[in-house]
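Below you'll find the structure I mean.
The values are calculated or read from the model by the stated rules, or taken from the named source; none is laboratory data. If you're wondering where the values come from, they're calculated on a predicted model, not measured in any experiment. Don't worry about glycine lacking a Cβ; one is built from the backbone with ideal geometry, like all the others, and counts go over all protein chains shown. We work out accessible area using only protein heavy atoms, side chains counted, and drop any ligands, DNA or RNA first. Shrake-Rupley method; radii C 1.70, N 1.55, O 1.52, S 1.80 Å.
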Amino acid sequence: MEIKTEILPPDQRRSRPNDKELGFGKIFTDHMLVMPYDVNRGWHDPVIRPYGPFSLDPAAMVLHYGQAIFEGLKAYRGENDRIYLFRPHSNLERMNRSASRMCMPELPVDTVFDGLKALLQVDADWVPPADDGASLYIRPTMVATEAGLGVRPALEYLFFIILSPVGAYYPEGFNPVKIYVTDSYVRAVPGGAGEAKTAGNYAASIMAAVEAQQKGFTQVLWLDASERRFVEEVGTMNIFFVFNDRIVTPPLSGSILPGITRDSVLRLLADWELPVEERAIAIDEVFAANERGELREVFGTGTAAVISPVGSLHYQGRDCQVNQGRIGDLALRLFNELTAIQYGRKADPYNWVIRL
Ligand SMILES: *Cc1c(COP(=O)(O)O)cnc(C)c1O
């Protein structure tokens with residue numbers, strides 16, 4: 001499919017703010033990729049055009065019933081000033097799995113990837129320099145635009161990609177997070193949509209996050225919905241535990257999001273010949289291991305932070321301090337290895353990285 005481009009003249013382009021002022025997802029670049037779908041024409045007329053508002057019918061089905069899915073990945077300014085993408089096809093394939101779960105049309109992956117590369121070339125100046133750990137966050141999104149109030153799969157959709165330069169996740173060094181383990185709320189039920197990156201999962205999670213923050217915690221750890229006993233994931237990250245020298249993470253049971261960072265971490269650990277178990281982990285097991293002095297590390301994995309060390313867990317009035325609130329050796333090793341591959345500083349034996 002041919003991708004049209006409507007590009008701003010140089011004098012109407014904005015410049016990227018200072019890396020210190022970026023934060024996360026507050027500033028967007030000059031252009032976006034947009035591609036509509038309808039049942040008769042399928043996906044058609046992809047265009048790169050200036051970033052700006054859409055006009056939507058008030059009855060657009062996404063506004064009522066939430067047929068909306070998204071992805072999150074990053075472009076890095078790496079060696080020789082080239083732009084690097086990390087496993088972008090994994091994101092697009094996951095987006096198509098989310099689409100089929102929500103009865104939305106699958107994307108033509110090759111066209112979308114070509115569009116993404118073209119968009120990154122147009123807004124290349126927005127990819128921050130690597131030295132301070134900044135990057136360009138990429139947000140592909142699909143929403144149902146058909147006007148109508150019947151509850152059924154929409155017949156019209158809009159796909160778009162917007163770009164946001166983001167600052168270093170750890171500007172002052174690693175900051176282990178304080179986690180609140182909730183047994184009042186659940187994120188996803190068996191048979192639900194927990195595996196899909198769909199908007200409703202995040203809307204439903206906000207209340208638990210707000211309550212945790214009011215109590216002084218950074219993020220929520222979710223337990224399974226059936227028994228409220230087994231660990232699922234933390235905030236918008238997958239989670240790993242180190243019990244003595246055994247590394248464990250919950251299996252992809254259908255209610256947790258299959259993270260690409262999680263998958264990459266599992267691959268590195270296997271190559272390092274470290275023992276890993278994907279199995280159910282009861283929250284009581286975590287606290288018991290801590291009492292026996294066997295809980296070495298806890299960390300989350302996700303695109304935004306890559307590796308996020310957990311400093312403490314709070315569950316039913318009890319606290320569990322992990323590694324004296326400091327980042328553990330394994331978390332640090334994984335962070336260094338993954339970021340070195342992402343920024344092209346280190347050979348990539350996995351073919352994870354695409355250099356533009
Ligand atoms: C996106 C996401 C993750 C992490 O996925 P990555 O592909 O590693 O970024 C984990 N959990 C949830 C709920 C998510 O939305």
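Looking at Leu163, Leu155, can you tell me which residue is surrounded by fewer than 22 Cβ atoms within 10 Å (Cβ to Cβ) and away from the ligand (no atom under 16 Å from the Cβ)?
Leu155
Quickly run through the stretch 117-145 and pick out the residues that are closer than 29 Å to Gly254 by Cα and either surrounded by 17 or more Cβ atoms within 10 Å (Cβ to Cβ) or not basic (Lys, Arg) (or both).
Selection gives Tyr137, Ile138, Pro140, Thr141, Met142, Val143, Ala144, Thr145.
Identify, by number, the condition in (1) of a type in the set (A, V, I, L, M, F, W, C); (2) open to solvent by less than 70 Å² (accessible area, probe 1.4 Å); (3) in contact (Cβ under 8 Å) with a residue 40 or more places away in the chain; (4) not assigned by TED's automatic domain parsing to the domain that holds Ser98 that Ala208 doesn't meet.
Checking Ala208 against (1) of a type in the set (A, V, I, L, M, F, W, C); (2) open to solvent by less than 70 Å² (accessible area, probe 1.4 Å); (3) in contact (Cβ under 8 Å) with a residue 40 or more places away in the chain; (4) not assigned by TED's automatic domain parsing to the domain that holds Ser98, the one that fails is (3).
The rows are residues; the columns are (1) open to solvent by less than 10 Å² (accessible area, probe 1.4 Å); (2) in a strand (DSSP E or B); (3) of a type outside the set (Lys, Arg); (4) more than 9 Å from the ligand (Cβ to nearest atom).
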{"site": "Val231", "(1), (2), (3), (4)": "yes, yes, yes, yes"}
{"site": "Phe240", "(1), (2), (3), (4)": "yes, yes, yes, yes"}
{"site": "Val248", "(1), (2), (3), (4)": "yes, yes, yes, yes"}
{"site": "Pro251", "(1), (2), (3), (4)": "no, no, yes, yes"}
{"site": "Gly254", "(1), (2), (3), (4)": "no, no, yes, yes"}
{"site": "Asp263", "(1), (2), (3), (4)": "no, no, yes, no"}
{"site": "Leu269", "(1), (2), (3), (4)": "yes, no, yes, yes"}
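When only residues in the stretch 166-203 that are among the small types (Gly, Ala, Ser) and closer than 18 Å to Ser308 by Cβ count, which is surrounded by the most Cβ atoms within 10 Å (Cβ to Cβ)?
Selected residue: Gly167.
With respect to Arg152, is the statement that it is of a type outside the set (A, V, I, L, M, F, W, C) and without any contact (Cβ under 8 Å) to a residue 40 or more places away in the chain true?
yes
Return the residue satisfying two criteria in turn: it lies in the stretch 1-60 and is open to solvent by 80 Å² or more (accessible area, probe 1.4 Å) and of a type in the set (Asp, Glu), and of such residues it is modelled with the lowest pLDDT.
By that ranking, first place goes to Glu21.
Which one of these does Thr218 not meet: (1) more than 11 Å from the ligand (Cβ to nearest atom); (2) at pLDDT 95 or above; (3) touching a strand residue (DSSP E or B) at 6+ places or on another chain (Cβ under 8 Å)?
Unmet for Thr218, out of (1) more than 11 Å from the ligand (Cβ to nearest atom); (2) at pLDDT 95 or above; (3) touching a strand residue (DSSP E or B) at 6+ places or on another chain (Cβ under 8 Å): (2).
Next question. Kindly indicate which of Gly259, Gly235 is out of contact with any Asp or Glu (no Cβ under 6 Å at 6 or more places or on another chain), buried (at least 21 other Cβ atoms within 10 Å of the Cβ) and at positive phi.
Answer to the selection: Gly235.
Out of curiosity, is Leu356 hydrophobic (A, V, I, L, M, F, W, C) and away from the ligand (no atom under 16 Å from the Cβ)?
yes
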